[in-house]
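All remarks here apply to the structure that follows.
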Amino acid sequence: MKKTFAFLGFSLAISTFSISSMAANYNFNEIYSGGGSISLAPGSDDPLATNLQAGDTFQWTITTTPGSYWNVFSGGDLFPFMSFYVSESGTRTGDYNLDLSFGGSSVFSDVQAGISNSYVHIGTNTVSVPTGLNYNQMSLSYTLTSSNSIDNHITSLLPWPGSAPEVSFGGNIALVPEPEVYAMLLTGLGLLGFAARRRNNKTIA
């Protein structure tokens, strides 16, 4: 009997080791330029070539192009905020750490364990964000702990349902240029106006 228990314990240990050793870790880094336009950063893993399995983890980061950021002009509960769209329907359970940052400093975070995603998304569910929050990077660290679907193919670079990050069931978030961009635009317009006046003066003379 002791030998039987010892063998079962050894088999369980080997099985656990095998599952953990097969788990994959992905790094998805994306650059967002507005209007639903998004691209992979150099060196990033490709979400569209990924089939997640239980035990896998991913670090998913979306950064705006220089000179822009997201502004929450009407805070509240946003669903699902930052989740991938997957092609197979199912129920998935995972742990995540969501972090929003501005200029390299964290401005908001949400940590959940054992969160259940139903149907065709994987990531966060409803996230409550405050009015007036500004951020230019959103990052999700996620571990898929279980899934009743054999396959979990990611089918979009953009958050579910494949729309711009500033569109989250109600349009509470806007992508706006930083003040420096406004200043550059005003300076450019001023120079154009000055050049036009000079041309007019030369024509009159």
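The values are calculated or read from the model by the stated rules, or taken from the named source; none is laboratory data. Computed from a prediction, not measured in an experiment: that's the story for all the values here. Because the Cβ atoms are built from the backbone with ideal geometry, glycine has one as well, and the counts that use them run over all protein chains shown. Protein only, heavy atoms only, side chains kept; ligands, DNA and RNA dropped before computing areas. Shrake-Rupley method; radii C 1.70, N 1.55, O 1.52, S 1.80 Å.
Tell me which residues, restricted to the stretch 150-161, are farther than 14 Å from Leu78 by Cα and either at pLDDT below 95 or part of a loop (DSSP other than H, G, I, E, B) (or both).
Across the stretch 150-161, the qualifying residues are Ile150, Asp151, Asn152, Thr155, Ser156, Leu157, Leu158.
Mind listing whichever residues of the stretch 162-186 are more than 19 Å from Tyr135 (Cβ to Cβ), open to solvent by less than 80 Å² (accessible area, probe 1.4 Å) and at pLDDT below 80?
Residue satisfying the conditions is Ala183 alone.
Among the candidates Phe108, Phe102, Phe84, which residue alone is closer than 21 Å to Asn172 by Cα, in contact with a His (Cβ under 9 Å, 6 or more places away or on another chain) and modelled with pLDDT of 95 or more?
Values: Phe108 fails: in contact with a His (Cβ under 9 Å, 6 or more places away or on another chain); Phe102 fails: in contact with a His (Cβ under 9 Å, 6 or more places away or on another chain).
That would be Phe84, the only listed residue that is closer than 21 Å to Asn172 by Cα, in contact with a His (Cβ under 9 Å, 6 or more places away or on another chain) and modelled with pLDDT of 95 or more.
Restricting attention to the stretch 136-149, and to residues there that are in a loop (DSSP other than H, G, I, E, B) and out of contact with any Phe, Trp or Tyr (no Cβ under 7 Å at 6 or more places or on another chain), which single residue is surrounded by the most Cβ atoms within 10 Å (Cβ to Cβ)?
Step one: list which residues in the stretch 136-149 are in a loop (DSSP other than H, G, I, E, B), which gives 136, 148-149.
Subsequent filtering for residues that are out of contact with any Phe, Trp or Tyr (no Cβ under 7 Å at 6 or more places or on another chain) retains 148-149.
On the way: Asn148: 11, Ser149: 17.
Residue satisfying both the conditions and the ranking: Ser149.
Among the residues in the stretch 35-47, are any surrounded by fewer than 17 Cβ atoms within 10 Å (Cβ to Cβ), at pLDDT 95 or above and within 23 Å of Gly114 (Cβ to Cβ)?
no
Can you tell me how many residues in the stretch 46-95 are outside any strand (DSSP E or B) and in contact (Cβ under 8 Å) with a residue 40 or more places away in the chain? Lay out the reasoning, then the answer.
As a first pass, look at the stretch 46-95 and keep what is outside any strand (DSSP E or B): 46-50, 52-56, 65-67, 73-75, 79-82.
Adding the requirement that they be in contact (Cβ under 8 Å) with a residue 40 or more places away in the chain leaves 47-48, 50, 52-56, 67, 73-75, 79-82.
Total satisfying the criteria: 16.
Is at least one residue of the stretch 123-130 modelled with pLDDT of 95 or more, out of contact with any His (no Cβ under 8 Å at 6 or more places or on another chain) and either exposed (fewer than 15 other Cβ atoms within 10 Å of the Cβ) or among the hydroxyl-bearing types (Ser, Thr, Tyr) (or both)?
For the stretch 123-130, residues modelled with pLDDT of 95 or more, out of contact with any His (no Cβ under 8 Å at 6 or more places or on another chain) and either exposed (fewer than 15 other Cβ atoms within 10 Å of the Cβ) or among the hydroxyl-bearing types (Ser, Thr, Tyr) (or both): present.
Open to solvent by 60 Å² or more (accessible area, probe 1.4 Å) and in contact with a Gly (Cβ under 8 Å, 6 or more places away or on another chain): is that true of Tyr119 in this structure? Spell out the reasoning first.
Working: open to solvent by 60 Å² or more (accessible area, probe 1.4 Å): yes; in contact with a Gly (Cβ under 8 Å, 6 or more places away or on another chain): yes.
Answer is yes for this residue.
So which residues in the stretch 131-149 are at pLDDT 95 or above and either in contact with a His (Cβ under 6 Å, 6 or more places away or on another chain) or of a type in the set (Val, Ile, Thr) (or both), if there are any at all?
Within the stretch 131-149, Thr143, Thr145 qualify.
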